[in-house]
Amino acid sequence: MQQLVRDTNAWACYDCGKCTATCPVARVGGSLSPRRHVLSANLGEETDPGRDDTLFTCLTCGLCESRCPAEVSYTGLVRRLREAAFDAKIEPECPHGGALQSVMRMMAKGGTQQDRLGWLTEDLKTDPKEGEVFLWTGCTGYYDAFFPEFDMKTVEGTKATVRILNHLGITPVVSPEERCCGHDLLWNGDRQSFDALARHNVELVRSSEAWMVVTPCAECARTWKIDYEPYFEGRIPQVVHLTELLEERFDDLRLKANGMNRVTYQDPCRLCRHMGVHDAPRKVLEAIPGIELEEMKSNRHGAACCAGGTWGNCDRFAKRIQIDRLREARATEAEVLVTACPKCQIHFRCAMKDPNFGSEISIEMLDVAEVVASALV
Amino acid sequence: MTADPSPSPRPAQKKKKAATRKAAKTAFDPRIVVFACNWCSYAGADTAGVSRIQHQPHFRMIRVMCSGRIQPAFVLRAFEKGADGVLVSGCHFGDCHYIFGNERAVEQFEKTMNVVKLLGIEEGRLRLEWISAAEGARFAEVIDEFTDQVRVLGPSPFATSDAIEEIEVPETETETGKGMEA
């Protein structure tokens, strides 16, 4: 526990309570209190996850962390406490019955040849083995198979990413051997399965001899950039989210109007707060002729998240957060809500299915990759 | 995947008696999880047992109130824990005790099948069957056929010895094996 307090900077907490005051879950009535967890860690009390179920209601969105004046890593603390809970065989009640976690664990076990590149069409130039840039596609194919009722194709974002990379003159490596990055397992405490996935994936990229990993998924980007770092031996490839790459290669992008006028942008928590990327997607979106980017009430570091990252929790508070966020999006009078993470799309689309709010909060959603790809010359 | 002629990598089965029987001796004994609805398929299994219809005993049955309850998570969890095959069964269309539960079951099953295919698990390891309470013979037939099919596919890639132990059900509840034991 002392080690944990040191690692997460918890000892620096001066009990101001800003974390709990900004916590999106606490704000809509949840009993989660980051401050209490930090306090009990400081007092050396073992949080008993069997009794303290708020441990699993944290969205790990990092909003509290971005406000914390003492720079306590609350998400780090929660993650470690969840790992301890997992070791004690206390698993959270996962949404969807834990189906997605099962899928990830099966990938961690390996042994099968996944059929994950069904979306790859002839016109997309990719290389299955070697290349300079590795495109980490993420599990969008699985999401589409799992959520047919949302009438959405998150895989379109992945396809659009390939199109954009081709436009920039890059033939990315897209490997059928790719497995889940393990992000969700890690944040739900399953360190062992994450370990297996990380080793496999790092080896995969190493063998492709790519010096850069690009991904259109905010969670994959965070995992690759931050959580995979200890797994690399020697040369570490540069890890960028697609929007970061677009900003870097901004001058090579030739964009035309794609018929969209007013859009708004949802900052995925992994991208904006965990990685600090918020200007890149905005810059790219605003560069498209005709597009006017209207900000929502809370944006950048203060943006509310989709309340569903990590497939860790879905409850009435999550629904409330989603609905509030969609109201903000509607208030901008934007036609399209653009995001940079497939999970934002899934969870907001789910919230839009609410029969009580349906028409009031529904808005067209697209991935930033799709928007940019449709504007390519 | 083709038939695996090598001896089963599995640890010794608990039910030694059953394992030494002729039918079970061929290649390996698959572990099959059968989800059955309370009103039709489970009763169908019961009919098979009461009528003493011989069928292979390598399955564990999980009774649910309605096949509509069998969401992807159940099936995927079974595969994760090392099941070699999963059979989902319910009432015939029009016979559902809850009117439309089995229609839900089809939706859930299709979703599950898509995910299973993406994962690279052979399609033959997952099956949906409608078995009514009166169809004891059909139950035995389906079980035999499915067991043989899974046996040809060989052990599941996710089957490890420790995972198998986790899906072991208590002895007292393995009444579905009665076709063989009777």
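The values are calculated or read from the model by the stated rules, or taken from the named source; none is laboratory data. Predicted model only: the values in this text are computed from it and were never measured. Virtual Cβ from ideal backbone geometry, glycine too; neighbours counted across all protein chains shown. Accessible surface areas use protein heavy atoms only, side chains included; no ligands, DNA or RNA. Shrake-Rupley method; radii C 1.70, N 1.55, O 1.52, S 1.80 Å.
Scaling the Cα radius of gyration of region A:194-234 by the globular reference 2.2 N^0.38 Å produces a ratio of 1.08. Remark on A:Glu292: its backbone amide H falls under 5 Å from those of A:Arg262, A:Val263, a criterion applied only to residues 5 or more positions apart or on other chains, H modelled at 1.01 Å from N.
In whole angstrom, region B:28-181 maps to an equivalent ellipsoid with semi-axes of 22, 20, 13, each derived as √(5λ) from the alpha carbon gyration tensor and ordered largest first.
Placing a pseudo-label 7 Å from each Cα along the Cα-to-Cβ vector at A:Trp211 and A:Asp7 gives an inter-label distance of 3.4 nm. Plainly put, chain A has a radius of gyration that is 0.95 times its Kirkwood radius, both from alpha-carbon atoms, as the Rg/Rh ratio.
Mind pulling up the Rg/Rh value for region A:124-167? Radius of gyration and Kirkwood radius, both on Cα.
With Rg and the Kirkwood Rh in hand, the quotient comes to 1.05.
Here the sum of -39500 (n - 2.57) over DSSP H runs of 4 or more residues, divided by the residues of the protein assembly as shown, equals -11500 deg cm²/dmol at 222 nm, to the nearest 500. The A and B chains share an interface that buries close to 1700 Å² of accessible area, total over both sides, probe 1.4 Å.
Given +1 at the Cβ of Lys and Arg, -1 at the Cβ of Asp and Glu and no other charges, the dipole of region A:2-87 around its Cα centre is 320 debye to the nearest 20. Check cross-link reach from A:Lys129 to the aspartates and glutamates: straight Cα distance under 15 Å, and skip same-chain residues fewer than eight apart. Partners within reach: A:Glu177, A:Glu178, A:Glu203, A:Glu209. Distance between the modelled labels on A:Glu286 and A:Ala88, one decimal in nanometres: 4.9 nm (7 Å Cα→Cβ projection). Taking DSSP loops as anything outside H, G, I, E and B, show the longest stretch in chain A free of GluC sites (Glu not before Pro) there with at most 12 other beta carbons within 10 Å. With GluC sites (Glu not before Pro) excluded where exposed in loops, chain A gives A:131-232 as its longest stretch. Selection among A:Ser298, A:Leu255, A:Trp311 by position relative to the dipole of chain A gives A:Ser298 as farthest towards the positive end (Cβ unit charges, Cα centre).
Longest segment of chain A with no trypsin sites (Lys or Arg not before Pro) in a DSSP loop having at most 14 other Cβ atoms within 10 Å?
That gives A:130-234 as the longest site-free run.
Shown for region A:128-167: residues covered by the partner protein chains by 20 Å² or more of accessible area relative to the chain by itself (probe radius 1.4 Å), namely A:Tyr142, A:Ala145, A:Phe146. The 3J(HN,Hα) values that the Karplus relation (6.51, -1.76, 1.60; θ = phi - 60°) gives for region A:367-377 are, in residue order, 7, 4, 5, 5, 5, 5, 4, 6, 9, 6, 6 Hz. Gly and Pro appear as x.
Binning all Cα-Cα separations of region A:3-117 at 10 Å, short to long from zero, yields these whole-percent fractions: 13, 40, 27, 14, 5, 0. Here, region A:69-130 is characterised by an Rg to Rh ratio of 1.17, where Rg is the alpha-carbon radius of gyration and Rh the Kirkwood radius.
3J(HN,Hα) along region B:56-66: 6, x, 8, 9, 10, 9, 10, 8, 10, 5, 8 Hz, from the Karplus curve 6.51 cos²θ - 1.76 cosθ + 1.60 with θ = phi - 60°, whole Hz, x for Gly and Pro.
Measuring with a 1.4 Å probe in the full set of protein chains, what accessible area per residue, in whole Å², belongs to the protein assembly as shown?
Numbers: 23250 Å² over 559 residues.
Heavy-atom SASA per residue in the protein assembly as shown reads 42 Å².
Karplus-based coupling profile of region A:20-30, in residue order and whole Hz: 5, 5, 8, 4, x, 6, 5, 5, 9, x, x, with θ = phi - 60° in 6.51 cos²θ - 1.76 cosθ + 1.60 and x standing for Gly or Pro.
Overall size of region A:253-374 from C-alpha positions, given as principal axis extents largest first: 43, 32, 23 Å. Return the carbon/sulfur percentage of the accessible area of chain A, one whole number, probe 1.4 Å, all protein chains in place. Ligands and nucleic acids excluded, carbon and sulfur give 47 percent.
Which pairs break 32 Å Cα to Cα here: A:Lys159/A:Lys283; A:Lys283/B:Lys111; A:Lys353/B:Lys117; A:Lys89/A:Lys319; A:Lys225/B:Lys117? Long pairs (Cα-Cα over 32 Å): A:Lys283/B:Lys111. Backbone amide hydrogens, once placed in the peptide plane, bring B:Glu129 within less than 5 Å of B:Val88, B:Ser89, B:Gly90, excluding anything fewer than 5 places away on its chain.
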